[in-house]
1. Under a point spin-label approximation (7 Å from Cα along Cα-to-Cβ), what is the Ser8-Asp83 distance to one decimal in nm?
2. Inverting the mean 1/r over all pairs of different Cα atoms, compute the Kirkwood radius of the chain and quote it in Å.
3. What is the extension gain from Ala51 to Val27, computed as 0.36 nm multiplied by their sequence separation minus the C-alpha to C-alpha distance, in nm to one decimal?
4. So for the chain, averaging the separation of alpha carbon pairs under 8 Å that are six or more residues apart and normalising by length, what relative contact order in percent results?
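Bear in mind that the values in this text are calculations on the coordinates, not laboratory data. Being a predicted model, the structure only gives us computed values, none of them experimental. Cβ placement follows ideal geometry from the backbone for every residue including glycine, while neighbour counts extend to all protein chains displayed.
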Amino acid sequence: MTQVIQNSDQCIADVAIQAVGSIDAAVGICLDNDLSITDEQLQPVEAGPVASAKIVEVLNINKPASSAGEIADGLGVWRVGLDFKVS
């Protein structure tokens, strides 16, 4: 098994693809590491055997990251007349 550190902008699916080369490994990683598929775990996790060495090779250079960061919301970014109406 390979130990992988999840970056702050990665989800478990990103870790699975990066470490194993297959999205199918995401559930196994969660079960083996007592995680939920939606957890943001920043400690090393154990990943299973490599399914696609080429994918792992490419994604260890260009790490996948699904998170777009926080979406700005609230009065500071809303526009009068477009996002809300003043009566």
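1. Here the modelled spin labels are 2.3 nm apart.
2. So the Kirkwood estimate lands at 14.5 Å.
3. 7.2 nm
4. Reported relative contact order: 35 percent.
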